[in-house]
1. What net charge is computed for the residues neighbouring residue 287, neighbours being all others with C-beta under 10 Å from the C-beta of residue 287, Lys and Arg scored +1, Asp and Glu -1?
2. Contour minus end-to-end for residue 72 and residue 37, with contour as 0.36 nm per residue of separation and end-to-end as the Cα-Cα distance?
3. Can you check what the net charge comes to around residue 56, using other residues whose Cβ is under 12 Å from the Cβ of residue 56 (Lys, Arg +1; Asp, Glu -1)?
4. Given a Förster distance of 22 Å, report the FRET efficiency between residue 258 and residue 290 from their Cβ-Cβ distance, rounded to the nearest 0.05.
5. Rounded, prolate or oblate: which fits region 76-205 when a ≥ b ≥ c are the square roots of the eigenvalues of the alpha-carbon gyration tensor, with rounded for a/c under 1.5 and prolate only if a/b beats b/c?
6. Of the listed peptides 193-199, 246-252, 135-141, 282-288, what is their order by residue-averaged count of other C-beta atoms within 10 Å, with the highest listed first?
7. Taking 0.36 nm per residue of separation and subtracting the Cα-Cα distance, what length does fully extending residue 56 through residue 139 add?
8. Could you let me know the centre-to-centre spacing of region 233-303 and region 104-162, using Cα atoms, in angstrom?
Amino acid sequence: MSGPKCLSLLLALLTAAASASSQQRVDAPVLSIGTDLVSLTVTVVDRRGALVPDLRAEHFTVYDNGEPQAIQFFTSDDVAATIGLLVDSSGSMRGRRDDVTAAATAFADMSHPRDEFFTLNFNEAVWPGLPLQIAFTEDTAQLRAALSAPARGMTAVYDAVSRGLAHLRRGTRDRKALVVISDGGDNASTQTLEDVVESARMSDAVIYAVTFVAADNRDERRQVMKTLAGETGGRVFMAKTSTDVWRAFAQIAREIRSGYTIGFEPSDTSTGGFRSIRVVVRTEGNDQFVARTRVGYYAGSSP
């Protein structure tokens, strides 16, 4: 099957699946977590990387600085999210922007009907795609327009992620996610990678990345994206073709909608600073599952 026909078929299948999912789950309850709880978004996959549904609270153990914690809130419901799309508009993205715009628009169609979106475009500068008076949108046509930008200049991916994390805090939905579309190279930011990792650790957002792989791309730095995704419980998708981009967005949409939300109140609140988190899943069948979540959080006063 030729490339355009393959993409058209893939889009039709993804749109049909999104429509069916929206019809089935549109009435999912809204999550509300008390401010005294630490909230974790957890993605669980099996050994083949497939998402694992239908787990219960008793299957999870949360370790805070190595100590098991009592789970006080748990849901696997499909709750709405605030999602930021950060799109590289530097010269290295020339020729790829149309594919990204189309796939990101389909991604919005696959997402929860009440998800709210914002976009940031970046080259050596960072600027919003939406009009300044609109912080978020649920309108797909408005989102498509916000994603359109020429590709030129250098790359300030650290500045874009930092600004994206700050904008997420204005969101009204319970789950938070950033999707970064870039090769990961940075040659123009005022922020450093260490600055951005620290900002990510102080956020409850999950960072996903779609990064492009090309033999002639000397700016590609996939480890940067792996670091940010690993800190927050997200994932990096490598894309060589336009079909890879579509598949990556489809998987990100599924992961955001299939996550578990766990809340716990730390048993030890005597010390502040950064505290590590680990989540373990055990089932009756002793299945080997992997739980992805953020690596920790700051207790007490933030640095």
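Every number in this text was worked out from the coordinates using simple rules, so none of it is lab data. What you are looking at is a predicted structure, and each value in this text was computed from that prediction instead of being measured. In this analysis, Cβ positions are derived from the backbone assuming ideal geometry, glycine residues included, and neighbour counts consider all displayed protein chains.
1. Numbers: positive: 47, 282; negative: 46, 284.
Its environment carries a net charge of 0.
2. Numbers: separation 35, 0.36 × 35 = 12.60 nm, distance 0.82 nm.
My answer for the length gained is 11.8 nm.
3. Values: positive: 282; negative: 54, 58, 284.
Net local charge, residue 56 excluded: -2.
4. Values: r = 14 Å, r/R0 = 0.63.
Efficiency at R0 = 22 Å is approximately 0.95.
5. Numbers: a/c = 1.88, a/b = 1.19, b/c = 1.58.
Since a/c reaches 1.5 but b/c is at least a/b, the shape of region 76-205 is classed as oblate.
6. Values: 193-199: 17.4, 246-252: 21.3, 135-141: 15.4, 282-288: 10.0.
Final packing ranking: 246-252, 193-199, 135-141, 282-288.
7. Working: separation 83, 0.36 × 83 = 29.88 nm, distance 3.40 nm.
Once the chain is fully extended between residue 56 and residue 139, it gains 26.5 nm.
8. First find each Cα centre; the distance between them is then 23 Å.
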